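Beneath this line is the structure, given in structure tokens, with notes to follow.
Quick note: the coordinates plus some simple rules give every number you see, no bench work behind them. The structure displayed is predicted, hence computed values, not measured ones. Positions of Cβ are generated from backbone atoms using ideal geometry, with glycine treated the same way; all protein chains shown enter the neighbour counts.
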Amino acid sequence: MAQLTLQQLEKLANIIRMDVIKMLEHAGSGHPAGSLDQADIYTALYFNILKHDPKNPDWEGRDILVQSNGHCVPVRYAAMAHAGYFPKEELMTLRKLGSRLQGHPERTALPGLETTSGPLGSGLSQAAGMAMVLKMQDCNRRWVYCTVGDGELDEGNNWEALMFAGKNRLHNLIAIVDRNNIQIDGNTEDVMPLEPLREKWEAFGWHVQEIDGHNIESIIDACSMARAIVEQPSVIIAHTIPGKGVPFMEYDYHWHGSPPNCTQAKEALQKLRSLNGKISGDHS
Amino acid sequence: MEMFLVANIGSDDIAQEPTRAGLGRGLVKAGQENKNIVGLSADLTDSTQLGAFAEAFPERFVQIGIAEQNLVTVASGMAVMGKIPFASSYAAFSPGRCYEQIRTTICLNDQPVKLVGSHAGLSAGPDGATHQMLEDIALMRVLPNMIVIAPGDSVEAEKATLAMAKNGKPNYIRLSREKSPVFTTMQTPFEIGKAYVLRPGDDVAIFATGTSSYQALLAAKALASDNIQAEVVHVPTIKPLDQKTILASARKCGRVITVEEGQIAAGFGSAIAEFLSENLPMPVRRLGMQDSFGESGNTPDLLKKFGLTGQHIAFAVHDWIDHMPQYHR
């Protein structure tokens with residue numbers, strides 16, 4: 001695959017956002033806020049960062065991507081379809097009977113998914129298990145990436161995984177936290193405060209970077225940096241705006257798990273088209 | 001089928017060993033045969049008998065600490081990368097504490113993780129009800145893709161461990177802390193998914209699993225002196241059930257009793273009752289924990305208190321025969 005320019009990546013992220021809106025409207029259920037705000041991260045992953053082969057999903061040299069926040073799988077499906085894992089038309093089967101695109105990712109349903117996830121808090125420990133195996137094999141050419149929602153950090157299983165990865169110095173493990181500050185019942189700091197988040201990860205032995213999660217260049221650079229850290233697992237806290245790209249969804253936790261209706265979808269698509277790929281974060 | 005059981009069943013001098021010891025031996029052998037076998041422990045390495053494996057293959061042993069949710073999910077991740085993880089803890093903690101992770105990341109994900117639940121049943125004895133896992137059969141056998149095994153003794157546990165290492169599926173093996181009689185030999189057949197008629201009879205079929213099968217043998221011996229011929233069927237694989245063997249014994253005897261060291265609700269006896277209700281309906285008497293927790297005490301005393309010794313089983317059989325006709329005869 002030819003390397004896309006930054007501008008092309010930004011445009012593609014916006015197309016993926018539009019796909020997400022169409023998929024969720026068609027499905028009649030699903031989680032728009034996180035799917036939209038990770039469009040830049042998933043575009044950067046599938047079209048720049050990951051070593052992978054869409055035509056050979058089990059390729060032995062591939063990097064691994066675990067999606068602990070499995071409810072955001074629409075953005076992953078959209079990115080995978082554009083990367084060539086399956087036909088784009090299949091995106092509209094999301095959440096429908098007989099579809100390979102299950103409501104939450106299922107490894108056995110779709111080639112290219114490494115795990116089954118959705119119940120929150122257990123992706124990072126699976127990713128740690130994978131990284132542990134690569135370390136046991138002295139493999140220095142493969143990386144395990146894991147996207148984690150911020151709200152799911154309420155789950156204790158994550159902190160078990162943090163300790164484990166820190167203890168074993170799993171330098172080949174890179175977590176990306178979608179720090180959008182919302183979860184179902186409200187803002188994360190109201191539901192169950194996570195701050196000081198950076199210090200918590202650091203205390204568990206992780207190398208921490210904080211970036212604007214809508215700046216694709218920053219995402220790519222942060223992953224390069226993370227790969228250069230050889231003694232610690234890495235986390236990239238990506239500050240994002242929930243619902244990014246659709247003004248009436250942005251910052252509003254009510255869009256965590258409600259799909260747009262037909263009218264809302266039309267408006268959302270219109271807004272996204274007018275952006276023409278010009279997404280900018282408010283954190284940079 | 002010849003069972004090659006030991007000759008001194010019922011005698012005080014029968015060799016005794018905890019079933020978990022068989023897991024320990026089997027895992028070292030499995031590790032020698034296959035370098036993809038890895039062992040994971042949640043700070044209970046020696047008591048769950050992973051110590052020998054950890055010593056033989058330190059590079060393939062992973063210490064998780066006291067974190068059972070992490071234990072099973074790290075195992076799942078290792079399985080994704082081609083390993084065959086044996087993840088051990090006390091049954092009260094795994095599967096007790098990490099059910100959803102087992103369901104999603106191992107069963108739905110269909111990964112060949114081998115869950116080792118030691119100290120199951122009443123075998124945790126003096127530790128009391130907190131540590132006596134009586135609900136694990138119920139929890140594990142309702143999970144799609146999961147295979148559930150409760151070996152009868154340590155020799156069978158060793159064979160089961162070797163078989164689990166090769167079957168490519170999620171497995172749960174239920175083991176005991178306390179010593180129990182070794183009634184099988186290396187020649188005794190064992191295959192995952194098979195039940196075995198240890199002693200033929202035609203008045204009543206006693207289906208038993210785990211170490212309860214020895215108690216069933218004792219019961220059958222006592223019953224024989226009262227001229228009751230009990231067929232003892234040892235069912236080490238609780239899921240999938242050996243339907244053919246179970247059906248044949250139930251049809252032949254027309255009366256069925258089940259025995260397990262666990263809750264009868266949704267447990268092993270329930271599995272037998274479910275199966276027979278659809279294929280050969282008849283009343284099924286289930287011996288086991290009757291909707292109660294255990295308590296501190298020595299395991300033999302607990303087995304007496306909760307009616308799970310050979311003597312109690314024999315008594316229950318008498319009672320059952322007095323009340324029930326032979327069905328389908």
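FRET efficiency for the B:Glu191 to B:Val6 pair, using the beta carbon distance and R₀ = 35 Å, is estimated at 0.95.
Taken over the Cα atoms of segment B:51-127, the convex hull encloses 95 Å³ per residue.
Couplings 3J(HN,Hα) for segment B:161-172, derived from phi with the Karplus relation 6.51 cos²θ - 1.76 cosθ + 1.60 (θ = phi - 60°), are 4, 5, 5, 4, 4, 10, 8, x, 10, x, 10, 10 Hz, where x marks Gly and Pro.
Using every pair of distinct Cα positions in segment A:6-275, the Kirkwood expression returns a hydrodynamic radius of 18.3 angstrom.
Close amide H pairs (under 5 Å, H built 1.01 Å from N) link B:Ala205 with B:Glu231, B:Arg255, B:Val256, B:Ile257, residues at least 5 positions away or on another chain. Local charge for B:Met140 was computed over the other residues whose Cβ lies under 11 Å away, with Lys and Arg +1 and Asp and Glu -1, and equals +2. Compactness check for segment B:1-55: Cα Rg over 2.2 N^0.38 Å is 1.49.
At the listed q of 0.20, 0.23, 0.26 Å⁻¹, the Debye profile of segment A:138-191, built from one uniform point per Cα, gives log10 I(q)/I(0) equal to -0.78, -0.93, -1.05. Taking every residue in A:164-171 and counting other chain Cβ atoms within 10 Å of its Cβ, the average works out to 2. Karplus-based coupling profile of segment A:172-177, in residue order and whole Hz: 8, 10, 10, 8, 10, 8, with θ = phi - 60° in 6.51 cos²θ - 1.76 cosθ + 1.60 and x standing for Gly or Pro.
Put simply, the C-alpha atoms of segment A:35-103 give a gyration tensor, and the ellipsoid matching it has half-axes of 19, 15, 11 Å, longest first.
When only the Cβ of Lys, Arg, Asp and Glu is charged (+1, +1, -1, -1), the dipole of segment A:6-275 relative to its Cα centre reaches about 920 debye.
By the beta-carbon count within 10 Å of each Cβ, the least crowded to most crowded order of A:Ser218, A:Ser35, fewest first, is A:Ser218, A:Ser35. One way to sum up the overall shape of the protein assembly as shown is the equivalent ellipsoid from its Cα gyration tensor, whose semi-axes run 53, 25, 20 Å, largest first. Each peptide among B:3-13, B:140-150, A:173-183 gets the average number of other Cβ atoms lying within 10 Å of its residues, and from highest to lowest they stand as A:173-183, B:140-150, B:3-13. Each Lys and Arg Cβ is given +1 and each Asp and Glu Cβ -1; about its Cα centre, segment B:196-323 then shows a dipole of about 240 debye. Note on A:Cys72, B:Cys107, A:Cys262: ascending count of other Cβ atoms within 10 Å places them as A:Cys262, B:Cys107, A:Cys72, the fewest first. Averaging 1/r over every pair of different alpha carbons in segment B:181-238 and inverting the result gives a Kirkwood radius of 11.6 Å.
Once the convex hull of all Cα atoms in segment A:128-284 is built, its volume per residue stands at 124 Å³.
All Cα-Cα distances of segment B:196-323, cut into 5 Å bins from zero to the largest, leave 2, 12, 24, 26, 21, 11, 4, 1, 0 percent in each bin in turn. D by Stokes-Einstein for chain B, Kirkwood Rh over Cα pairs, 10 °C, 1.306 mPa s: 81 µm²/s. Between A:Gln183 and A:Thr188, the built amide H atoms are under 5 Å apart, and every one of these is 5 or more places off in sequence or on another chain.
When only alpha carbons are used to place a centre, segment A:58-103 and segment B:72-149 end up 29 Å from one another. When shorter helices are ignored and each DSSP H run of at least 4 residues is given -39500 (n - 2.57), the per-residue value for the protein assembly as shown at 222 nm works out to -10500 deg cm²/dmol. Averaged over the residues of B:208-217, the number of partner chain Cβ atoms lying within 10 Å of the residue Cβ comes to 0. Since only A:Ala39, A:Pro233, A:His52 are under comparison, the one whose Cα sits farthest along the positive direction of the charge dipole of segment A:6-275, derived from C-beta charges on Lys, Arg, Asp and Glu, is A:His52. Take each residue in B:78-85, count the other chain C-beta atoms within 10 Å of its C-beta, and the mean is 6. If you take all other residues with their beta carbon under 11 Å from the beta carbon of A:Asp40, and give Lys and Arg +1 and Asp and Glu -1, the sum is -3. Computed 3J(HN,Hα) for segment B:144-160, one whole-Hz value per residue from the Karplus formula 6.51 cos²θ - 1.76 cosθ + 1.60 where θ = phi - 60°, is x, 6, 7, 10, 10, 10, 10, x, x, 7, 5, 5, 5, 4, 5, 5, 5, glycine and proline marked x.
Annotation: amide H-H contacts under 5 Å for B:Val148 (H modelled 1.01 Å from N, sequence separation of 5 or more, or interchain): B:Tyr172, B:Ile238, B:Lys239.
Using the Cβ of A:Ala222 as centre and a radius below 14 Å, the other residues enclosed give a net charge of -3, where K and R count +1 and D and E count -1. Pull out a ≥ b ≥ c, the square roots of the eigenvalues of the alpha-carbon gyration tensor of segment A:68-158, then state rounded if a/c is under 1.5, prolate if not and a/b is larger than b/c, and oblate in the remaining case. Note, shape of segment A:68-158 comes out oblate.
Comparing B:His318, B:His131, B:His119, which has the greatest mean-square fluctuation in the GNM of chain B with Cα pairs linked when under 10 Å apart? The residue that fluctuates most here is B:His318. Counting beta carbons within 10 Å around each of A:Glu202, B:Glu2 and listing the fewest first gives the order B:Glu2, A:Glu202. Taking packing as the residue-averaged number of other Cβ atoms within 10 angstrom, the listed peptides B:260-271, B:40-51 run from highest to lowest as B:260-271, B:40-51. In segment B:16-181, the inverse of the mean reciprocal separation of distinct Cα atoms equals 15.0 Å; this is its Kirkwood hydrodynamic radius.
Remark: for residue pairs A:Lys51/B:Lys114; A:Lys167/B:Lys83; A:Lys200/B:Lys35, the C-alpha separation exceeds 26 Å in A:Lys51/B:Lys114; A:Lys200/B:Lys35.
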